[in-house]
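The following block contains the structure, expressed as structure tokens.
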Amino acid sequence: LPVAAGDGAVSSVVLRRDEHLELLERLDFVVRNVVELRKEVEELRNSLQHLAVEIVGEVRTHLEETQRMTPRRRFPFCRDRSDSTASSSIYFTASSGNANTDDGESEGGYTTANAESDYDRESEQESEEGEDDVSCDTVRTVRRNSLDLVPEDESPLLLDSSLEEGLGQLLEQADRLHSGDEQDRREGFQLLLNNKLAYAGQQEFLWRLARAHSDMWELTEDADERRSYAAGGKEELELALQKWDQSAECHQWFAILCGQVSEYESIPKRIQAGYVFKEHIDKAIALKPQDPQLYYLLGRWCYQVAHLGWLEKRTVSALFEVPPTATVQDALQNFLRVEELSPGFSKAGRVYIAKCYRDLGNASAAMLWMDLASELPGHTKEDAESERELEEMRS
């Protein structure tokens, strides 16, 4: 401080250039956190509003169903048991993801109590409720049986042989189109759709048709159309899994389509879809443990769970007793398993390996996998997004 300034002078701190930059960086960090916090609070507010609307809707629906069921219980004679067991089976079916088609046995193989009395009760309800409550299973059975009708003047053996040969050629062409460009995949979807009537009862055909729905979901920009494609493919596989629960491909594409359907859903529904996704990917891996695509999908799931935001974690804790858990290390192990089974399987897979190493603080390994990812060409939208992520990571 200059001597001539006198006792009334105010001292000031002169910062060096590096200290000034450090201070600016800290202030910028604080501002970014405040902005992110504000966004999370807004998302939480919107999520709670959606959740409240869903709860009110469920309560209203339950009350309406209760009011409709009340007159049916007023019979002049005694019943063996109430309708509560029949209604609860809906929730068991929804939680398992598969519809229950057994007459007296539940999804897990447990015999339903009072099965014989159920038959009498169902017969009585049919006469009371009329044709409005026709079973969905009956409709599906009629649809499938209609495909098996053979004209009397044709030999069933020759027809089956011809259909089998045609199916093989169709599946070959569908796989080739699925591996092609955007126009090829659109053509593949239309090809399978045109042959649905003839081959809707074939496992290999159905999961490819569901895969084609997923292709159209990726190729379409309109939100409503995307939701429609994903929901259509998921519905096809819901029927297929009732009959072919041991098909790894059916489980794989059902998991993928569940994730695609949930993209525009609320946070609670997306989290629930995540549970279903993990369940079916685990089943697919158990059935086909050497498929690198399955480990890639599981690695994606682990990485997303490990990076859940504050809002998602709060929602999970509030809605589910046992929240999903996964770490970046879990994701890394699955992505490395992909490279072990099929080196250079995908550009996106190697980018994820680099991201995992970066998150774990191993910068040299991250740089190595970034270079390895750059060597692979890009063919899909996901590869294009991975290339952009690579550029951001390098910068």
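Counting only residues 5 or more places away or on other chains, whose amide H sits under 5 Å from the amide H of residue 362 once H atoms are built in the peptide plane?
Hits under the 5 Å cutoff: none.
Relative contact order for region 201-245 using alpha-carbon pairs under 8 Å, separation at least 6, rounded to a whole percent?
47
Now for a different question. How large a share of the accessible area of region 291-394, in percent, is made up of carbon and sulfur atoms when the probe is 1.4 Å and the other protein chains stay in place?
Carbon plus sulfur share of accessible area: 52 percent.
For the residue pair residue 25 and residue 363, what label-to-label distance in nm results when each label sits 7 Å from Cα along the Cα-to-beta-carbon direction?
About 1.1 nm separates the two model spin labels.
Output wanted: per-residue J couplings in Hz (rounded whole) for region 195-208, from phi through Karplus 6.51 cos²θ - 1.76 cosθ + 1.60, θ = phi - 60°, x for Gly and Pro.
9, 5, 4, 7, 10, 5, x, 9, 4, 5, 6, 5, 6, 6
While we're looking at this one, here's another question. For residue 246 and residue 320, what does the FRET efficiency come to when R0 = 35 Å and r is the distance between their Cβ atoms, rounded to the nearest 0.05? Write down the numbers at each step before the final one.
Details: r = 28 Å, r/R0 = 0.81.
Plugging the Cβ-Cβ distance into 1/(1 + (r/R0)^6) gives 0.75.
Which of rounded, prolate, oblate describes region 177-289, given a ≥ b ≥ c as roots of the alpha-carbon gyration tensor eigenvalues and a/c under 1.5 marking rounded, otherwise prolate only if a/b is larger than b/c?
It is oblate, given that a/c is not under 1.5 and a/b is not larger than b/c.
Here is a further query. Evaluate the relative contact order of region 177-289 (contact order divided by residue number), counting alpha-carbon pairs under 8 angstrom at least 6 apart; express in whole percent. All intermediate terms of the calculation are to be shown ahead of the outcome.
Numbers: 131 pairs, mean separation 23.3, N = 113.
It rounds to 21 percent for region 177-289.
Would you list which lysines come within 16 Å of residue 283, measuring only between C-alpha atoms, while excluding same-chain residues fewer than 8 positions from it?
243
Here is a further query. Relative to a virtual label point 7 Å from the Cα of residue 41 in the Cα→beta-carbon direction, which members of region 307-321 show backbone nitrogen distances below 15 Å?
What the label zone holds, given the 15 Å backbone N cut-off, is 311.
Which residues does the label zone of residue 220 cover in region 260-293, counting backbone N under 14 Å from a point 7 Å along Cα→Cβ?
Label zone hits: 260-264.
Say each of residue 18 and residue 193 gets a label point 7 Å from the Cα, pointing the same way as Cα to Cβ; how far apart are those two points in nm?
For the pair residue 18/residue 193, the computed spacing is 6.4 nm.
Determine the per residue accessible area of region 202-255 with all protein chains present and a 1.4 angstrom probe, expressed in square angstrom.
Details: 2050 Å² over 54 residues.
Result: 38 Å² of accessible area for each residue.
Still on this structure: Classify region 291-394 as rounded, prolate or oblate, taking a ≥ b ≥ c as the square roots of the eigenvalues of its Cα gyration tensor: rounded when a/c is under 1.5, otherwise prolate if a/b is larger than b/c and oblate if not.
In terms of gyration-tensor shape, prolate.
Could you grab the relative contact order for region 291-394? Cα pairs under 8 Å, six or more apart, rounded to a whole percent.
25 percent.
Right, next: About its Cα centre, what dipole magnitude does region 291-394 give when the only charges are +1 on Lys and Arg Cβ and -1 on Asp and Glu Cβ, stated in debye to the nearest 20?
Working: 11 positive and 16 negative charges, 48 e Å.
Computed charge dipole of region 291-394: roughly 240 debye.
So which lysines can residue 39 reach, going by Cα to Cα under 23 Å and dropping same-chain residues fewer than 8 places off?
Here the lysines satisfying the reach criterion relative to residue 39 are 269, 313.
Which order do the peptides 368-380, 275-287 take when ranked by the mean count of other beta-carbon atoms within 10 Å per residue, highest first?
Highest to lowest by the protection proxy: 275-287, 368-380.
Sort 197-206, 344-353 by the packing proxy (mean of other Cβ within 10 Å over each peptide's residues), most packed first.
Peptide ranking by packing, descending: 344-353, 197-206.
Rank by packing, highest mean first: peptides 21-30, 384-393, with packing defined as the count of other Cβ atoms within 10 Å averaged across residues.
384-393, 21-30
Next question, about the same structure. In whole Hz, what ³J(HN,Hα) sequence does region 211-227 give by Karplus (6.51, -1.76, 1.60; θ = phi - 60°), x for Gly and Pro?
Calculated HN-Hα couplings, in order: 4, 5, 4, 5, 4, 5, 4, 6, 7, 9, 9, 5, 5, 5, 5, 4, 4 Hz.
The values are calculated or read from the model by the stated rules, or taken from the named source; none is laboratory data. What you are looking at is a predicted structure, and each value in this text was computed from that prediction instead of being measured. Ideal geometry is used to build each Cβ from the backbone, glycine not excepted, and the neighbour counts take in all protein chains shown. Note: areas computed on protein heavy atoms with side chains; ligands, DNA, RNA excluded. Shrake-Rupley method; radii C 1.70, N 1.55, O 1.52, S 1.80 Å.
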